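So the structure is just underneath, and the comments pick up after that.
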Amino acid sequence: MEPQIKRWKGSACDTDSWVAYPVLSDDQSQDVELIEAFAAPIVDKKETSRLIRELNSLYPLNGLQHIKRVRACKGKGSPHPLEVLVCLVSDAPDVKDVSIGSLLPSDGVRHDGLGEPFVVKVPARPPLTRPQFELASKHWPTSFHEDKQVTVALRGELFSPPQKATMHLYMMSAFTAAEAGKEMGMEAVGAVVVNPATQRIIAVGHDCRGDHPLHHAVMVCIDLVAQSQGGGCYSFDRYPACRFTSSDTDTFKSGEASSQPYICTGYDLYVTREPCVMCAMALVHSRIGRVFYGTASADGALGTKFKIHSQKDLNHRFEVYKGVLSKQCEDLKGLESHNRKQSLED
Amino acid sequence: MGTQGGSEAAAAESFYPSDEDREKWMANAFDMARDALENGEVPVGCLMVYNDEVVGKGRNEVNETKNATRHAEMVALDQLLDWCRHSNLDVRSVCEQTALYVTVEPCIMCAAALRLLNIPVVVYGCRNERFGGCGSVLEVSSANLPQTGTTFKCVSGHRAEEAVEMLKTFYKQENPNGD
């Protein structure tokens, strides 16, 4: 078997070795929730439009605009071609023997053309992603306003090969910083802040918690970005791998406060592993543009334990992608737990 | 307030802040918050108290440093760490006996930072509806996060109206249409 180290160096530009997947909100990634409804066969097709009209006015199915009222019964010897939703089980009058007669008062909907009702399960919420749509449609026909970008992202195809090559490069910088930090006895975590508009790296940092328990790689990078804008409050001089480049000169020279970037607005962060709660919220406060991480963390707050980037009630949200250089980033973690285990055994 | 290990709870109990302590230290925290307001920062102030001694204090300094993580608690935690270094004391054993007094509920970031440093008790004034990490937006203080330090207890409501008023004053000033 090929030694690992060699493979890392050899695959410096091998963008086929990883796929970036989006970390979607709970609403977008949860299972399809179902509610029960009564459906009935339409035995006389000519009555269909009248039945839909009358049922819509008697039982409008409020909040379920994504549900189609009628579904076709595809072949397989079905005696009737169509089925229609009569009402939700929760809408139905409290009767023991469910029949068309008990569900529909004769002055509201004429029963002509309807067969006897039965219970079906229909999706309670509009599908937000193609996988949700496909699952929902298995239960009952559902309409779907597709976000094409999400669909493509879920297939892992959002980024083109040249884009992936750039992402690869940025994550390699984070990876190299992680190794440098590790050399100095820190946890093997590295991060890079990039301005995607100019493709410039603004800051590179690594974990420094050996000297300060809160100096996680992301916190280090946030202060380095502040330094690049003339602020900041720490000195990372003793860590050669932690560095920043000054703000884009054109915006800086104009001297107007309004033309300076506001903290991390519009910037991307690359970090070898999923940020913790503190770091994730620090990124919300810093108005980060997007976050890319290599591999998940046990207490991670951008997908694992929380999804702070899509948290309701917070005033800033951002996109998160995981899996960039996943193998290499995972190996960083492996190194670490191995070391920790050894030191415990010593 | 969530589940807690018996030993942690016992440790927290041993120096649970008295009414008198609360009165005294919160008055100080409010002074810090007012200082923030006078300097164009979000008016939040805090104190870290160990053995009846202030080992860290801070107020929001986000605008001054262009670093959005410079909340009062983060500033005070830095001072606490410096204090430990100068006093040659173990950070963990100091933190485990330190209470935080802060005018506003710590945000999600600060709540996680307090956990990472094993601070067991937080006394705060008003809720933080925008960012609160002790129940208002997320309950980081008591969440099951085994890799993120220890949970902490909260005592809330001390001079809450006053803390809210200061925040309102700030956000009124900040609104450019109000200038």
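Read-outs: derived from the displayed coordinates by stated rules, not from any lab. What you see is a predicted model; the values in this text were computed from it and never measured. Note that each Cβ is placed from the backbone with ideal geometry, even for glycine, and that neighbours are counted across all protein chains shown.
What does the charge add up to near B:ASP78, with Lys and Arg as +1, Asp and Glu as -1, over the other residues with Cβ less than 15 Å from its Cβ?
So the surrounding residues net to -1.
Take peptides B:162-169, A:204-211 and line them up by average Cβ neighbours within 10 Å, highest first, as a rough protection proxy.
The packing order, highest mean first, is A:204-211, B:162-169.
Ranking A:ASP268, B:ASP21 by Cβ neighbours within 10 Å, fewest first, what do you get?
With the fewest neighbours first, A:ASP268, B:ASP21 line up as B:ASP21, A:ASP268.
How much length is gained on full extension from B:GLU53 to B:ALA160, taking 0.36 nm per residue of separation minus their Cα-Cα distance?
36.1 nm
If you place +1 on the Cβ of every Lys and Arg and -1 on the Cβ of every Asp and Glu, how big does the dipole about the Cα centre of the protein assembly as shown come out, in debye to the nearest 20?
Computed about the Cα centre, the dipole is about 2000 debye.
Consider a paramagnetic label point 7 Å from the Cα of A:THR48 along Cα→Cβ; state which residues of segment A:88-117 have an amide N under 17 Å from it.
So the set is A:112-115.
Expressed as a whole number of Å, what is the distance separating the alpha-carbon centroids of segment A:59-122 and segment A:171-237?
61 Å
Fewest Cβ neighbours within 10 Å first, please rank B:GLU41, A:GLU179 accordingly.
Ordered from fewest to most neighbouring Cβ atoms within 10 Å, B:GLU41, A:GLU179 come out as A:GLU179, B:GLU41.
What is the extension gain from A:ASP26 to A:SER246, computed as 0.36 nm multiplied by their sequence separation minus the C-alpha to C-alpha distance, in nm to one decimal?
75.4 nm
Considering Cα pairs under 8 angstrom that are at least six residues apart, work out the relative contact order of chain A and quote it in whole percent.
Computed value for chain A: 16 percent relative contact order.
How much length is gained on full extension from A:LYS312 to A:GLU33, taking 0.36 nm per residue of separation minus their Cα-Cα distance?
So the extension gain works out to 98.5 nm.
Determine the shielding of peptide B:125-137 by partner chains: average, over its residues, the number of Cβ atoms on other chains within 10 angstrom of each Cβ.
The shielding value for this peptide is 2.
Straight-line reach only, C-alpha to C-alpha below 28 angstrom: list the lysines that A:LYS74 could link to, leaving out same-chain residues fewer than 8 apart.
Partners found: A:LYS45, A:LYS46, A:LYS121, A:LYS138.
Over segment B:19-172, what is the mean sequence separation of C-alpha contacts under 8 Å (at least six apart), divided by residue count, expressed as relative contact order in percent?
20 percent
Below 11 angstrom from the Cβ of B:THR65, what's the summed charge of the other residues (Lys, Arg +1; Asp, Glu -1)?
That works out to -2.
What is the sum of charges, Lys and Arg at +1 and Asp and Glu at -1, for the other residues whose Cβ falls under 9 Å from the Cβ of B:THR148?
+1
Could I have the simple spin-label model distance between A:ARG110 and A:HIS139, label points 7 Å from Cα toward Cβ, reported in nm to one decimal?
Using points 7 Å along Cα→Cβ, the separation is 3.4 nm.
Can you give the calculated 222 nm mean residue ellipticity of chain A, where each DSSP H run of n ≥ 4 adds -39,500 (n - 2.57) and the sum is split over every residue, rounded to the nearest 500 deg cm²/dmol?
Here the helix-only value at 222 nm equals -9500 deg cm²/dmol.
Taking the dipole about the Cα centre of segment B:19-172, with the C-beta of Lys and Arg at +1 and of Asp and Glu at -1, give me whichever of B:CYS95, B:THR65, B:GLN79 is farthest to the positive side.
Of the candidates, B:THR65 comes out farthest on the positive side.
Can you compute the label reach from A:ASN62? Point 7 Å from Cα along the Cβ direction, backbone N cut-off under 15 Å, restricted to segment A:77-111.
Once the point is set 7 Å along Cα→Cβ of A:ASN62, A:88, A:90-92 turn out to lie under 15 Å by backbone N, inside segment A:77-111.
Ignore the peptide's own chain and count Cβ atoms of other chains within 10 Å of each Cβ in A:262-268; give me the average, rounded.
Averaged over the peptide's residues, the number is 1.
For the ranges A:220-231, A:142-153, what's the packing order if you count other beta-carbon atoms within 10 Å of each residue, average per peptide, and put the highest first?
In descending order of packing, they fall as A:220-231, A:142-153.
Could you calculate the FRET efficiency of A:VAL89 with A:ARG155 from 1/(1 + (r/R0)^6), where r is the beta carbon distance between them and R0 is 41 Å, rounded to 0.05?
So, using R0 = 41 Å, E works out to roughly 0.65.
I want to check the label-to-label distance for A:LYS121 and B:GLN147. Put each point 7 Å from Cα in the C-beta direction and report it in nm to one decimal.
It works out to 3.4 nm between the two label points.
Using +1 on the beta carbon of Lys and Arg, -1 on that of Asp and Glu, and nothing else charged, what's the dipole of segment B:19-172 about the Cα centre, debye to 20?
440 debye
Does anyone have the angle between helix A:326-345 and the longest principal axis of chain A? Alpha-carbon axes, 0 to 90°, nearest 10?
Once rounded, the angle reads 60 degrees.
Compute the distance from the alpha-carbon center of segment B:132-161 to that of segment A:290-331, in whole Å.
Answer, in whole Å: 22.
Mind checking B:78-84 for the average number of partner chain beta-carbons within 10 Å of each residue's beta-carbon?
Neighbouring Cβ atoms belonging to other protein chains average 1 per residue here.
Please list, by residue number, everything in segment B:50-66 whose backbone N is under 20 Å from a paramagnetic label point 7 Å out along Cα→Cβ of B:SER18.
B:50-55
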